[in-house]
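In what follows, a single structure is set out as structure tokens and then discussed.
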Amino acid sequence: MAAAAVGKRLLDTGWLAARSTEVALTGVQLTTTQPPAADPEPAAPWMSAAVPGTVLGTLLKNKLIPDPFYGLNNQAIVDIADAGREYYTFWFFTTFQCAPSGNQHVTLNFQGINYSAEMYLNGHKEVLPKGMFRRHNIDITDILHPDGNNLLAVLVHPPDHPGRIPPQGGQGGDHEIGKDVATQYVEGWDWMCPIRDRNTGIWDEVSISITGPVNIMDPHLVSTFHDDFKRSYLHCTLQLENKSSWIADCTLKIQVSTELEGNICLVEHLQSYAIRIPPHSDVEYTIPPLFFYKPNLWWPNGMGKQSLYNVEINVDVKGFGESDSWSHYFGFRKIESTIDDSTGGRIFKVNGEPIFIRGGNWILSDGLLRLTKKRYMTDIKFHADMNFNMLRCWGGGLAERPDFYHFCDVYGLMVWQEFWITGDVDGRGIPVSNPNGPLDHDLFLLCARDTVKLLRNHASLALWVGGNEQVPPVDINKALKSDLKLHPMFASSQASDSQEKHLSEESTDPSKYLDGTRVYVQGSMWDGFANGKGGFTDGPYEIQYPESFFKDSFYKYGFNPEVGSVGVPVAETIRATMPPEGWSIPIFKKRIDGYIEEVPNPIWGYHKFIPYSKPGKVHDQIELYGHPKDLDDFCAKAQLVNYTQYRALLEGWTSFMWTKFTGVLIWKTQNPWTGLRGQFYDHLQDQTAGFYGCRCAAEPIHVQLNLASYFIEVVNTTADELADVAVEISVWDLDGTSPYYKVTEKIVIPPKKVKQIMEMKYPKMKDAKPVYFLLLKLFRLSDNGILSRNFYWLHLPGKDYKLLEQYQQKRIPLQIYSEISVSGTKHQVRMIVENKSTKPVAESIHPASATNDQGDVSGSHNTGKETTREGNESGGLWSKIRSGLGVLRSSDNLRTLEVKGTDSGIAFFLHFSVHTSGSSTTMEKYNDTRILPVHYSDNYFSLTPGEKTSIDISFEAAPGSGPRVVLRGWNHHLDHTVMI
């Protein structure tokens, strides 16, 4: 057999699993004389395994448990507290081919095991110690089989303290899980069901690494800047290990390249260095800093491009050749974070520019740890599409994976990463437990340091935080502060010219630090977050009146790390994730004080439904639109509320940008299961209308209505002055006429400012209608190109939206054009929708184009032509990664569809969805025909008479699925379909 090629190979197929109590054989027997047979099918108790994954994922894959996230199925699955740890202790087995040559070395790598394991390879045993967030690397060179056929078995044990779920549930169950270094959400929370196996399994990638005598370990990349970012240096320190018994004469090479247009790579540096490494030893080597003049900088989403360089490091050994290689995409950027003197909130600067934080809290992608690159790409692109610029990885969840961070690098999402401490579980919950955190502090610190090494080279990683609503125990906190102290070049808040001074004063290269480039904050409510002192001053987490977010009294502090609200998905998701008894809507109980209490069915209650009313504080926001008749009506009205609720939240916070607030993170953006609260897209990855409310509100350049003062405001979060612009204000009534219309004079908005423009006085007019629509357009005077468009539906004080019930009967004429491109399974569709209603006479004097052309939402607003995020980027590597679509062939035909209607008015709350050609109703059960996920450039949109807009839609569909694009709306019920 030929020698194996140097490099890494994943072991992600062919795994089997079995419950340990059902296997009589030892690990030695399994990996020598009596391995389980897999051909043609594994014999009981063995089954096909999910690796990476969890025990529950394996059982679900083999249909041995029902889907725990469907209906009340989770209640039928045995909990580890009742069955015992042995019930979820499992063997995992696979085989692999590897036959190294005499001078090659092979390492078996486990990137994550929960919680501990014994590994057997060809009859040899290795203990894999406890800790969910540590890597295991075992040199297996001497125990590989000479013929290249290797047998691997791993006995995986659950966490030592899986805990018990109290009858009343609670935040982290009985908190016992906090004694271990593992995820804490698995005992259940007020937004999450308990995970019965506590995520036991080989949950992250398994691989073998084949090297020569010398291998590369944990390179650390750091960029420093001088002369206002004109000059930059790339620093790198790495470990080199010589596993051989002779002196290794090495040549270390580093290449730094960047992609130009048309898939052409420019090599900016190619350097080599001679190194001698003694036998059986490792050395730390710092590469002399590499100079770059005006490198392309990495910026957060909405502030510029996410430029990334490919850094490749190779080591050649004399007499052997290439011994090992390593590569990483790296972004040149500097992140600073301090407490703002004027607001008391924490402020983040990237490349010297203050960034107003608008983002969300993130738990994890999936509660069974079915973590894939494809799902991560969709998750992160969704957040970029909402114009968010930060995600907070909550302390009760994961230290997120490199794939997560890679897509945050690509899409420009800064990441706040917490360690595994929560107030609920670690000393501040009810009952109080684990006041000293995990039992093994050394293990916690080992996992923390290993996590830092795993993630530190990602441009998106912005902040380390000790815990959620709690600080780590004193000794852990002290150690983390020491380990993560800033290098002097990054400790200064002065301009980058001070770095040169620090470079001469500080002899230690910054890449020699464990990190040294990012701030460590001890807890999520300390040091510039919430009240800064650890008081429970985050939140609230419930429905609000939209105007409340604009009031100075709503929140006192500069940066709110958690504020949340409702999150009911579309009706199709309810039907797809619950049996028919879960399709009944909440009972609306009217109290004697006039407030409505929403009482959900038991399935909704189990799925953590948040009501759309808060008796005593907030009247029911769905009832404002009329009492819901059925599930479809409830969910349709919930989407109206979702949109207005989250748009108002972000617009309200942004209204106080830099004068009171430095940032806000919404609790939370999605659920790792089929939950019914705090989400902008559901677990099936279908967006709610709240997604597009956020997308609108978080535009880098934005026009908005202050719902408390009724003044129109223009927001400029960018670093450039916004000049030669004006705002068009038009009010529309339910009859399709425009009783109020105004265009402002030329206005100028300085960088990073919110400017109050004028009061919107229509509600004070004598003949103001009780329900009306408001359309705001911020446009360039030079060419009428629209920079921001914002559409509101509003009612007069003391009124409601019940007149919109009648508006559903309107028949608005539409013209729909479609352009379709297909490449294999990948589809890209452009839908152009025009409201063909007759315009009122006043419309003819409108200066702003009737076409909704908002330009590239990633920050390049000065286009004045139809563009989208994908369409405005180069056709190189990054655009392919971003869009996930590859090269498309365009169809030549432009399809046109006329929708006849006799009424004039607003085409209200239109939204597209994509389906297969099948039927959603069968005799046996509901058949979900949606194709998911789908990326829409916008959705849940409205068009005034004569207005048109283009929506870009991209998705993957299996051959033969017959995908069709469907348009529905509040007053458009004909389900017009474009077949593809």
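The values are calculated or read from the model by the stated rules, or taken from the named source; none is laboratory data. Because the structure is predicted, anything quoted here is derived from the model rather than measured. Positions of Cβ are backbone-derived with ideal geometry, glycine not excepted, and every protein chain shown enters the neighbour counts. These accessible areas exclude ligands, DNA and RNA; they are computed on the full protein's heavy atoms, side chains included. Shrake-Rupley method; radii C 1.70, N 1.55, O 1.52, S 1.80 Å.
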*From the list 826, 753, 746, which residue is in contact with a Gly (Cβ under 8 Å, 6 or more places away or on another chain), at pLDDT 95 or above, open to solvent by 40 Å² or more (accessible area, probe 1.4 Å) and of a type outside the set (A, V, I, L, M)?*
826
*asked:* Can you report the number of residues in the stretch 390-425 which are open to solvent by 10 Å² or more (accessible area, probe 1.4 Å) and either polar (S, T, N, Q) or outside any loop (DSSP other than H, G, I, E, B) (or both)?
replied: 4
*Just checking, which of 165, 177, 195, 138 is within 17 Å of residue 367 (Cβ to Cβ), of a type in the set (A, V, I, L, M) and not in a loop (DSSP other than H, G, I, E, B)?*
177
*Filter result (open to solvent by 40 Å² or more (accessible area, probe 1.4 Å), closer than 20 Å to residue 286 by Cα and touching a residue at least 60 places away in the same chain (Cβ under 8 Å)) within the stretch 248-276*: 249, 251, 253
*asked:* Among the listed residues 676, 707, identify the single one that is in contact (Cβ under 8 Å) with a residue 60 or more places away in the chain, open to solvent by 10 Å² or more (accessible area, probe 1.4 Å) and aliphatic (A, V, I, L, M).
replied: 707
*Which pairs have Cβ atoms under 7 Å, sit 6 or more apart or on different chains, and link a residue in the stretch 317-329 that is more than 20 Å from residue 237 (Cβ to Cβ) to one that is open to solvent by less than 70 Å² (accessible area, probe 1.4 Å) and modelled with pLDDT under 95?*
322/6
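Rundown of residues vs (1) touching a His at 6+ places or on another chain (Cβ under 9 Å); (2) within 16 Å of residue 68 (Cβ to Cβ); (3) touching a residue at least 40 places away in the same chain (Cβ under 8 Å), yes/no style:
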position: 174; (1), (2), (3): no, no, yes
position: 179; (1), (2), (3): yes, no, yes
position: 185; (1), (2), (3): no, yes, yes
position: 189; (1), (2), (3): no, yes, yes
position: 200; (1), (2), (3): yes, yes, yes
position: 204; (1), (2), (3): no, no, yes
position: 208; (1), (2), (3): no, no, yes
*Of (1) in contact (Cβ under 8 Å) with a residue 60 or more places away in the chain; (2) among the hydroxyl-bearing types (Ser, Thr, Tyr); (3) in a loop (DSSP other than H, G, I, E, B); (4) open to solvent by 10 Å² or more (accessible area, probe 1.4 Å), residue 245 satisfies all except one. Which?*
(1)
_Number of the exception - residue 801 against (1) of a type in the set (Phe, Trp, Tyr); (2) within 37 Å of the chain's Cα centre (by Cα); (3) more than 15 Å from residue 703 (Cα to Cα); (4) open to solvent by less than 20 Å² (accessible area, probe 1.4 Å)_ = (4)
*Could you give every pair whose Cβ atoms fall below 7 Å, whose first residue belongs to the stretch 301-314 and is under 16 Å from residue 415 (Cβ atoms), and whose second residue is open to solvent by 40 Å² or more (accessible area, probe 1.4 Å) and in a strand (DSSP E or B), counting only separations of at least 6 or pairs across chains?*
303/353; 308/329
*asked:* If I filter the stretch 646-664 for residues that are of a type in the set (A, V, I, L, M), surrounded by fewer than 24 Cβ atoms within 10 Å (Cβ to Cβ) and in a strand (DSSP E or B), do I get at least one hit?
replied: yes
*Hey, can you tell me all the residues within the stretch 1-26 that are surrounded by 15 or more Cβ atoms within 10 Å (Cβ to Cβ) and farther than 30 Å from residue 213 by Cβ?*
15, 16, 17, 18, 19, 20, 23, 25, 26
_Residue that is farthest from residue 608 (Cα to Cα) [pool: residues in the stretch 56-96 that are outside any loop (DSSP other than H, G, I, E, B) and open to solvent by 60 Å² or more (accessible area, probe 1.4 Å)]_ = 95
*In the stretch 459-474, how many residues are touching a helix residue (DSSP H, G or I) at 6+ places or on another chain (Cβ under 6 Å) and either assigned to a helix (DSSP H, G or I) or open to solvent by 10 Å² or more (accessible area, probe 1.4 Å) (or both)?*
1
_Residues to consider are 449, 428; find the one that is among the basic types (Lys, Arg), open to solvent by 10 Å² or more (accessible area, probe 1.4 Å) and over 22 Å from residue 337 (Cβ atoms)._
428
